[in-house]
């Protein structure tokens, strides 16, 4: 990626669709490819990034940067798994910081980081969510294969394009392949955007969240992990090839209790 930063927002029309899951595991997958990556928790009101990583307390948070107390580089923490993260505070007192008054400063600060800057955006179309859409270079929209989730995703995509921002595509999470799900072709038509990743519903994700370890590290050869790696290859214009002996490697993971 060189020295320049590329700010990519991981957005959604509603909460609970897998936005934080995608931000974390995409960040790790990009890092595995040798890219410099920082994942930023831009959801100041309901901060889940640190929770999913099993880290609840940080000396410096994004709120400290926005208030001018700290430099952005002081807010970058290296998680034990190696991922670089800028967390948001879990304190109720910091909920009222707000992104909207700090939009220009936020972008200036994020541009001081190098490589991929992955923003875990606030869900929906709140003031904070709209502010993040203005700050990013590109957007990835996460949805589930149901009508309410996709309908909300459509709104995010429309507003993103109105802001003249680039929509990289749609990540469809929690795919079960049932008859009552929207099909990928239907989602692409509705969103007028390509699906760039299909993450299957898998109990291994719930297990990994319980263990506070990203699924791509917890079960590297699981179907969700392979899909996150496929997404990272797409983001870097590389050609993805599934690992050799994938069936056997998955079998061995199951023997180990995954």
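Just so it is clear, none of the values below were taken in a lab; they were calculated from the coordinates. The shown structure was predicted, so the numbers you read here are calculated from the model rather than taken from an experiment. Note that we place each Cβ from the backbone using ideal geometry, even for glycine, and neighbour counts take in every protein chain shown.
Can you quote the Å³ per residue value for the convex hull of the Cα atoms in the chain, rounded to an integer? Please report the intermediate quantities before stating the final value.
Working: hull volume 32.5 nm³, N = 258.
Output value, Cα hull per residue: 126 Å³.
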Checklist entry - Given the C-alpha centroids of segment 57-71 and segment 122-139, what is the distance between them in whole angstrom? => result 20
Next on the checklist: Just to confirm my numbers, what's the Cα centroid distance between segment 232-254 and segment 143-162 in Å?
Outcome noted: 29
Checklist outcome for this item: By the C-alpha gyration tensor axes a ≥ b ≥ c (rounded if a/c is under 1.5, else prolate when a/b exceeds b/c, else oblate), the shape of segment 196-243 is prolate
Checklist entry - Listed highest first by mean packing, meaning other Cβ atoms within 10 Å per residue, what order do 148-157, 222-231, 237-246 come in? => result 222-231, 148-157, 237-246
Item to check | Rough spin-label spacing in nm, given labels placed 7 Å along Cα→Cβ, for residue 206 and residue 33 | outcome: 3.1
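Could you calculate the FRET efficiency of residue 255 with residue 233 from 1/(1 + (r/R0)^6), where r is the beta carbon distance between them and R0 is 25 Å, rounded to 0.05? If you can, show how the numbers build up before the last one.
Numbers: r = 28 Å, r/R0 = 1.12.
Step by step, r from the Cβ atoms, then E = 0.35.
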Item to check | Percent antiparallel among DSSP beta bridges (both partners in segment 5-255, rounded to 5) | outcome: 5
Checklist entry - Going by a ≥ b ≥ c, the root eigenvalues of the Cα gyration tensor, does segment 57-154 fall in the rounded group (a/c under 1.5), the prolate group (a/b larger than b/c) or the oblate group? => result prolate
Checklist outcome for this item: For residue 244 and residue 111, extending 7 Å from Cα along the Cα-Cβ vector and measuring point to point gives, in nm, a value of 4.6
